Amino acid sequence: MTESVRAVRASVQIGSLTVDGFMLPDGSYRMSQTQAAECVGLSERNAREFLQSKALKTLLGEGYTPATSEIEPDAQQVRGSSRIRALPLEVVGAYWLWQTARGNKTALSLVMSLLTETLERRFDAAFGVTRTETERNELLSQRVQELEQDIREAFWVDDEARIERDHYERLLRENGIDPWGVPGAGNESG
């Protein structure tokens with residue numbers, strides 16, 4: 001279900017990322033599906049396909065139907081500007097989480113950093129620690145960068161092994177051998 005609404009737009013800082021955030025008249029927030037995908041290094045089409053997938057229902061419940069919104073351009077914007085397809089934040093979160101499960105390293109570092117920040121905010125509140133949003137964004141940016149480096153290093157061996165495996169699999173296939181076939185099965189001449 002898509003509704004067309006006017007919304008208030010604001011820049012939202014997520015660590016080193018800046019996205020357009022939208023507040024609907026009912027006070028709920030949205031983010032464009034294009035930017036949701038770009039934050040984890042993917043195209044808008046990938047986010048659109050996620051909305052049609054079983055994964056969304058798995059993460060948010062079988063009866064969940066995302067109420068995407070079409071945000072009308074601001075009156076100050078140039079004529080002919082296209083409408084923005086916007087997603088509720090719970091859908092953006094589910095999309096990023098799904099991307100981590102699919103091995104998207106950018107999504108993994110972003111989600112892990114945001115999860116840590118969420119816990120840290122609760123602990124800060126419990127212990128009376130006050131931080132500015134600038135401090136929180138700097139910490140988040142630093143965490144994302146550190147996690148991206150750690151993930152690259154952790155997966156480097158896996159990536160190298162995958163490249164080597166693919167090379168040998170290709171060589172076997174080029175020589176008429178099924179690399180995943182059982183040796184001797186069906187090849188016996190009698």
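Looking only at the range 1-30, filter to residues that are more than 23 Å from the chain's Cα centre (by Cα) and in a strand (DSSP E or B); which one of those is modelled with the highest pLDDT?
From the range 1-30, those more than 23 Å from the chain's Cα centre (by Cα) are 3-8, 25-27; that's our starting set.
Restricting the remaining residues to those that are in a strand (DSSP E or B) gives 3-5, 8.
On the way: E3: 57, S4: 65, V5: 71, V8: 89.
Step by step, filter the range 1-30, then rank; the result is V8.
Looking across V91, V111, V144, one residue alone is open to solvent by less than 50 Å² (accessible area, probe 1.4 Å), touching a Pro at 6+ places or on another chain (Cβ under 6 Å) and at pLDDT 85 or above. It is V91. Every listed requirement among (1) open to solvent by 20 Å² or more (accessible area, probe 1.4 Å); (2) of a type outside the set (A, V, I, L, M, F, W, C); (3) under 13 Å from the mean Cα position of the chain (by Cα); (4) within 13 Å of V92 (Cβ to Cβ) is met by G41 save one, (4). Exactly one residue among E133, E153 is loosely packed, with under 12 Cβ neighbours inside 10 Å, in contact (Cβ under 8 Å) with a residue 60 or more places away in the chain and either of a type in the set (S, T, Y) or more than 21 Å from S43 (Cα to Cα) (or both), and that residue is E133.
The values are calculated or read from the model by the stated rules, or taken from the named source; none is laboratory data. Here the structure is a predicted model, which means the values were calculated and not measured. Neighbour counts are summed over all protein chains in view; Cβ atoms, including those assigned to glycine, are modelled from backbone coordinates with ideal geometry. We work out accessible area using only protein heavy atoms, side chains counted, and drop any ligands, DNA or RNA first. Shrake-Rupley method; radii C 1.70, N 1.55, O 1.52, S 1.80 Å.
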